[in-house]
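Just so you know, all these numbers are worked out from the coordinates, no wet-lab data involved. Everything numeric here is computed off the predicted structure, so don't read it as measured data. Virtual Cβ from ideal backbone geometry, glycine too; neighbours counted across all protein chains shown.
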């Protein structure tokens with residue numbers, strides 16, 4: 001059952017995130033009874049209670065803290081979607097540098113921040129020195 005649960009959690013990641021928002025907005029850990037009473041639209045009471053139980057597990061709390069810590073360490077956001085750099089390179093026949101640029105530019109082609117542009121220029125210089 002654990003394998004199936006892992007597949008479910010990965011497949012429905014966004015739904016889990018929305019459920020977590022509902023949980024926190026309605027009391028979260030400080031008012032579990034209120035959170036349980038506010039069942040999200042489109043979810044059965046049984047599934048909501050299982051979801052709340054999951055949010056209260058040590059495993060979930062530890063993973064949530066680790067994820068929060070990891071997000072705080074990120075210098076910038078990748079805007080390349082769900083594909084990894086290697087997947088993007090393989091599918092589009094692009095270089096890793098092009099994958100970095102794709103993941104850190106806005107739709108109009110501008111870098112999302114000066115820091116991202118600086119990092120791109122550093123990587124570009126490094127790639128050129130290796131050629």
(request) On a 0 to 90° scale, report how tilted helix 2-11 is relative to the longest principal axis of the chain, with both axes built from alpha carbons and the result rounded to the nearest 10. (result) 60 degrees
(request) Please give, to one decimal in nm, the separation of the simple spin-label points placed at residue 74 and residue 30, each 7 Å out from Cα toward the Cβ. (result) 2.7 nm
(request) State the extension gain, in nm to one decimal, for the chain segment bounded by residue 123 and residue 58, taking 0.36 nm per residue of separation less the distance between their alpha-carbons. (result) 19.4 nm
(message) What is the angle, in °, between the Cα long axis of helix 58-73 and the longest principal axis of the Cα atoms in the chain? Nearest 10 is fine, range 0 to 90.
(response) 30 degrees
(request) Would you mind calculating the relative contact order of the chain from Cα pairs under 8 angstrom and at least 6 residues apart, reporting the percent as a whole number? (result) 12 percent
(request) With only alpha-carbon atoms counted, please give the Rg and Dmax of the stretch 85-130, in Å. (result) 10.8, 30
(request) Rounded to the nearest 500, what is the 222 nm mean residue ellipticity of the chain from helices alone, with -39500 (n - 2.57) per DSSP H run of 4+ residues and division by all residues? (result) -20500 deg cm²/dmol
(message) Rounding to the nearest 10 and keeping the result within 0 to 90°, find how far the Cα-based axis of helix 114-130 lies from the longest principal axis of the chain.
(response) 50 degrees
